[in-house]
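Here is the structure we will look at, set down as structure tokens.
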Amino acid sequence: MHWHVLGAGSLGTLWAARLARANVPVTLLLRNRQRLASYRQGGGLTLVEQGEASLYPVPAQSVDEQSPIRLLLLACKAYDAEAAGASVAHRLSADAHVVLLQNGMGSQDAVAARLPRARCILASSTEGAFRDGDFRVVFAGHGHTWLGDPQQPSPVAWLEDLANAGISHEWTPDILSRLWRKLALNCAINPLTVLHDCRNGDLQQHPAEVATLCTELSELLSVCGQPAAAENLAEEVQRVIKATAANYSSMHQDVARQQRTEISYLIGHAWAVAQRHNCAVPHLQMLLQRLQKHLQERHLPGD
Ligand code: NAP
């Protein structure tokens, strides 16, 4: 199977470089010819692991080329995913698979609606990577990626490529439960770290705020048909706060770097689903409003 990776950012580069290293055929897709020209000037993707940089001359194209795509990894931010997916819709074969690596929820449905013929595989990853230059990525945290298709529980054949590339992964028929659980953990931790301008561990100073959110989130998960994702949520939130005490959350990092956050696909999505189910979540609502105000005051999008 030939992989196409759309989005040459942190995770896209991390995947493309490891696939190429394992001799799995992979092509990078860039948004336009200008980006393609600057990529070619640099000679490839650079992946930094344990302080050591390696250059992978992964072949690249711009999205407007015509050759068919059978297996696409969509590795952009949630707010870019729909437009990015649509930009290659004309190239997807009738039996195409599209792997969606976005954090949060909501963007996956938007992409699937744009690509009705493709089989969309949802992914949830705990790997960590960041860009320290153009087409240059640091592999910061080893983790695991869960993949699944809520429409079709049978696994896909190309998981073998991931194994060969050393990408730690697992196929799960319950990917929605994983995505909801991760979303709930994010809602209980990330917005508060932004509002209190603190590291994850400092939330131990705000136990009541965290506990109230966990209660509302657990109820929301039960109401929207995800009771397994609600199990022991408060305990896991505390465990994550302690285990990642020294870290700044991804949302905190986005705000500190003056970058757009993915809140519409995280707490914003939770709030929208609560509305749809008539589930009262007053603290979550207040948190979302405070967060939006905080972002707007810093000239960042509130969505
Ligand atoms: P990122 O570093 O910002 O990379 C996104 C890439 O997508 C950028 O290279 C961007 O291009 C590209 N892109 C956006 N729209 C495009 C389009 N229309 N056509 C072509 N390329 C397009 O983001 P990331 O950190 O890899 O995150 C991707 C997703 O994974 C997010 O939802 C994130 O929350 C999730 N995630 C990330 C991590 C992590 O450690 N980084 C961990 C777990 C989950 P330009 O370079 O041209 O701007």
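What residue, among those in the range 79-91 that are open to solvent by 30 Å² or more (accessible area, probe 1.4 Å) and touching a residue at least 40 places away in the same chain (Cβ under 8 Å), is farthest from GLU65 (Cα to Cα)?
That would be TYR79.
Given the options ILE167, ILE189, name the one that is part of a loop (DSSP other than H, G, I, E, B), among the aliphatic types (A, V, I, L, M) and within 17 Å of the chain's Cα centre (by Cα).
Result: ILE167 is the single residue among ILE167, ILE189 that is part of a loop (DSSP other than H, G, I, E, B), among the aliphatic types (A, V, I, L, M) and within 17 Å of the chain's Cα centre (by Cα).
Is there any pair with a first residue in the range 19-39 that is over 17 Å from CYS76 (Cβ atoms) and a second that is of a type in the set (D, E, K, R) and open to solvent by 30 Å² or more (accessible area, probe 1.4 Å) whose Cβ atoms are under 7 Å apart and which are 6 or more apart or on different chains, and what are they?
Sorted first by the residue in the range 19-39, then by its partner, the pairs are SER38/ASP134.
Quick check: is even one residue across the range 92-102 open to solvent by 20 Å² or more (accessible area, probe 1.4 Å), of a type in the set (Gly, Ala, Ser) and over 30 Å from ALA274 (Cβ atoms)?
Yes: the range 92-102 contains one or more residues that are open to solvent by 20 Å² or more (accessible area, probe 1.4 Å), of a type in the set (Gly, Ala, Ser) and over 30 Å from ALA274 (Cβ atoms).
What is the number of the single condition among (1) surrounded by 15 or more Cβ atoms within 10 Å (Cβ to Cβ); (2) at pLDDT below 95 that LEU14 does not meet?
Status for LEU14: all satisfied but (2).
Please name all residue pairs, on different chains or six or more residues apart, with Cβ atoms under 7 Å, provided the first residue is in the range 277-300 and is on the phi < 0 side of the Ramachandran plot and the second residue is open to solvent by less than 80 Å² (accessible area, probe 1.4 Å) and acidic (Asp, Glu).
Final answer for the pair search is VAL281/GLU216; HIS283/GLU216; LEU284/GLU216.
For the range 203-297, please list each of the helices (runs of 4 or more DSSP H) lying entirely inside it that holds at least 1 residues being in the same structural domain as ALA188 (by TED's automatic domain parsing) and over 27 Å from PHE130 (Cα atoms).
207-223, 227-230, 233-243, 267-276, 282-297
Among what's in the range 29-54 and is hydrophobic (A, V, I, L, M, F, W, C) and closer than 18 Å to PHE130 by Cβ, pick the residue that is farthest from the chain's Cα centre (by Cα).
ALA53
Scanning the range 103-133 for residues that are more than 19 Å from HIS4 (Cβ to Cβ) and polar (S, T, N, Q), which turns out least open to solvent (accessible area, probe 1.4 Å)?
Filtering the range 103-133 for residues that are more than 19 Å from HIS4 (Cβ to Cβ) and polar (S, T, N, Q), the one least open to solvent (accessible area, probe 1.4 Å) comes out as SER124.
List the helices (runs of 4 or more DSSP H) that sit entirely inside the range 70-164 and contain at least 1 residues that are more than 12 Å from the ligand (Cβ to nearest atom).
Filter on the range 70-164 gives 107-114, 159-164.
Can you spot a residue in the range 49-65 that is more than 25 Å from LEU179 (Cα to Cα), within 14 Å of the ligand (Cβ to nearest atom) and aromatic (Phe, Trp, Tyr)?
no
Conditions: (1) at pLDDT below 95; (2) more than 24 Å from ARG70 (Cα to Cα). THR126 meets all but one. Number of the miss?
For THR126, the exception is condition (1).
The values are calculated or read from the model by the stated rules, or taken from the named source; none is laboratory data. Values in this document were obtained by computation on a predicted structure and should not be read as measured data. Every residue, glycine as well, gets a Cβ built from its backbone with ideal geometry; the counts of neighbours run over all protein chains shown. Ligands, DNA and RNA are excluded from the accessible area calculation, which covers all protein heavy atoms including side chains. Shrake-Rupley method; radii C 1.70, N 1.55, O 1.52, S 1.80 Å.
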